[in-house]
Amino acid sequence: MDKIRIVGGKELLGRVEISGAKNAALPAMAAVLLTPETVWLENVPYVRDILTTRELLGSMGVEVEAQENETFMLKAANIGALEAPYELVKTMRTSILVLGPLLARFKKARVSLPGGCAIGARPINLHLQGLEKMGAKCDVSHGYVEASTTGLRGAYIQFETVTVTGTENLMMAAVLASGETMLDNAACEPEVENLAEMLCAMGARIEGAGTRTIRIRGVKKLKGCRHRIIPDRIEAGTFAIAAAITRGNLEVANCNPKHLASVLSQLSLVGTEISMGETGFRVRGHADISSKNVTTYPYPAFPTDMQAQYMALMTQGDGTSIITETIFENRFMHALELMRMGADITVEGRQAMVRGGRPLTGAKVQASDLRASASLILAGLAAEGETIIDRVYHLDRGYFQIEKKMAQLGAEIERIS
Ligand code: EPU
């Protein structure tokens, strides 16, 4: 199993190009199931979750061809199995995103229940309730959701909790339903908006994506399209913190700084210099890092997917900061590993108190999930001596060659087998 080895203490300097967003590419790949025509997806990142989705779609009969320049050609003309098996779903919860499209186009689907994961229980009740309101029958037995319908119809659905993939799943179901669907308290993450753009390019009629209320008028069928995946705002944010924590100076290119407004404003609050551009931004870290509290909320507030990385930065703050996680109930596993590197953190329920100013020292640590892995890399860059991060398969699920990108910026970092 691969590990990442870092020798800390080098400032990161130069320019980094951000890859396509995994969390936008995954629903886009599922949306291909809505049409028998060819779909071209550009800027797809070659990360493990994408390859797993490719395997999942392939097992259903979708033709998938990866071309140069991260462009995928997909065609769901001859679908054989309307099923997402446990073996694939267990490694990637997002497989649940095939449920909405399969029901909408084929009126039937069998998808394994994803189960819990390291960061929390992550139920799918809101996906199922929404589909039932649209006229589907969803039975859960033997670890599978067995769903069927005589035809989906539009409905008014108000989410009791904001859910990103829940909003995406129901939006994909609603585009081929009869009549109008209104999704209220919908997620307004840029990835949801990006999916809506793709669906509209396929002929769907969607208004309001990117706001809390999305209106979808069903159409009879959808056509193929060419669609570009947005840049990964979490990868961009991770590099911004890499510059801040190493007191480096980075140009983070090929991204949309507007998608990162809450993260960049938090970074300026702690004393990092940020200059915004249209398709990128510059981050200059300063010796003094102020400790500032943060609370995660759905977009456009500070994202839960940046919480672990921000915690690494706060270990170097000048005082005490409180980090509150409101999205997932168990997303502080990285705190224990950061403490093994010398950080002073107390976790109580959904809050972590980080007392800054303690120098980090390199250690052997274990990644528990994707963003925790990124947090440990950031800590390793700032730590004195050698850090070895184990279980980097979590990292490979969502970051494209992060160690290579960081090495090019001057970090002493390598992958070891
Ligand atoms: N929730 C329910 N019932 C549901 C669905 C969600 O109670 O049916 C709860 C969850 O338990 C959680 C909250 O609602 O407490 C929000 O979860 P959400 O459904 O929004 O999460 P998700 O759609 O499963 C996506 C991202 C995550 C990201 C979250 C929050 C993708 C593929 N995944 O997950 O990304 O953390 O939204 O922004 O888009 C990551 O990239 O590292 C990652 C975990």
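Close contacts from segment 163-175, counting a first residue that is within 13 Å of Ala24 (Cα to Cα) and a second that is hydroxyl-bearing (Ser, Thr, Tyr) and more than 6 Å from the ligand (Cβ to nearest atom), with Cβ to Cβ under 9 Å and a gap of 6+ residues or different chains, come to Val164/Tyr299. The listed residues are Glu180, Glu191, and the only one of them that is modelled with pLDDT of 95 or more, acidic (Asp, Glu) and either touching a Leu at 6+ places or on another chain (Cβ under 6 Å) or over 30 Å from Gly285 (Cβ atoms) (or both) turns out to be Glu180. Residue under question is Val192, and the condition is that it be within 15 Å of the ligand (Cβ to nearest atom), at negative phi and part of a strand (DSSP E or B); does it hold? Against the criterion (within 15 Å of the ligand (Cβ to nearest atom), at negative phi and part of a strand (DSSP E or B)), Val192 does not qualify.
Please find, within segment 291-303, the residue that is nearest to the ligand (Cβ to nearest atom) out of those that are of a type in the set (S, T, N, Q) and in contact with a helix residue (DSSP H, G or I) (Cβ under 8 Å, 6 or more places away or on another chain).
Within segment 291-303, the subset of a type in the set (S, T, N, Q) is 291, 293, 295-296.
In the following step, the residues that additionally are in contact with a helix residue (DSSP H, G or I) (Cβ under 8 Å, 6 or more places away or on another chain) were identified as 291, 296.
Details: Ser291: 24, Thr296: 8 Å.
Only one residue fits best here, namely Thr296.
What is the one condition in (1) in a helix (DSSP H, G or I); (2) modelled with pLDDT of 95 or more; (3) not small (Gly, Ala, Ser) that Val39 does not satisfy? Condition (1) is where Val39 drops out. Counting the residues of segment 255-288 that are part of a strand (DSSP E or B) and either crowded, with 17+ Cβ neighbours inside 10 Å or free of Cβ contacts under 8 Å to residues at least 12 places away in the same chain (or both) gives 6. Residue check: is Ala379 more than 16 Å from the ligand (Cβ to nearest atom) and surrounded by 24 or more Cβ atoms within 10 Å (Cβ to Cβ)? Judged against the criteria, Ala379 is a match. When Gly179, Gly151, Gly208 are checked against the criterion of being in contact with a Gly (Cβ under 6 Å, 6 or more places away or on another chain), without any contact (Cβ under 8 Å) to a residue 60 or more places away in the chain and among the small types (Gly, Ala, Ser), a single residue qualifies: Gly179. Scan segment 356-375 for residues that are surrounded by fewer than 19 Cβ atoms within 10 Å (Cβ to Cβ), touching a strand residue (DSSP E or B) at 6+ places or on another chain (Cβ under 6 Å) and small (Gly, Ala, Ser) and jot them down. Of everything in segment 356-375, nothing turns out to be surrounded by fewer than 19 Cβ atoms within 10 Å (Cβ to Cβ), touching a strand residue (DSSP E or B) at 6+ places or on another chain (Cβ under 6 Å) and small (Gly, Ala, Ser). Quick check on segment 143-168: of everything there that is within 16 Å of the ligand (Cβ to nearest atom) and of a type in the set (D, E, K, R), which residue is surrounded by the most Cβ atoms within 10 Å (Cβ to Cβ)? The selected residue is Glu168. Screening the candidates Leu74, Leu56 for the property of being assigned to a strand (DSSP E or B) and free of Cβ contacts under 8 Å to residues at least 60 places away in the same chain yields one hit, Leu74.
Taking Thr211 as the residue in question, decide whether it is surrounded by 22 or more Cβ atoms within 10 Å (Cβ to Cβ) and hydroxyl-bearing (Ser, Thr, Tyr). Before the answer, list the steps.
Details: surrounded by 22 or more Cβ atoms within 10 Å (Cβ to Cβ): no; hydroxyl-bearing (Ser, Thr, Tyr): yes.
No; evaluated as a whole, the condition is false for this residue.
A single member of Val62, Val32 is within 20 Å of the chain's Cα centre (by Cα), touching a residue at least 12 places away in the same chain (Cβ under 8 Å) and in the same structural domain as Ala201 (by TED's automatic domain parsing), and it is Val32.
The values are calculated or read from the model by the stated rules, or taken from the named source; none is laboratory data. Note that the coordinates shown come from a computational prediction; the quantities given were computed from them, not determined experimentally. With ideal geometry, Cβ positions are generated from the backbone for all residues, glycine too; neighbour counts draw on all protein chains shown.
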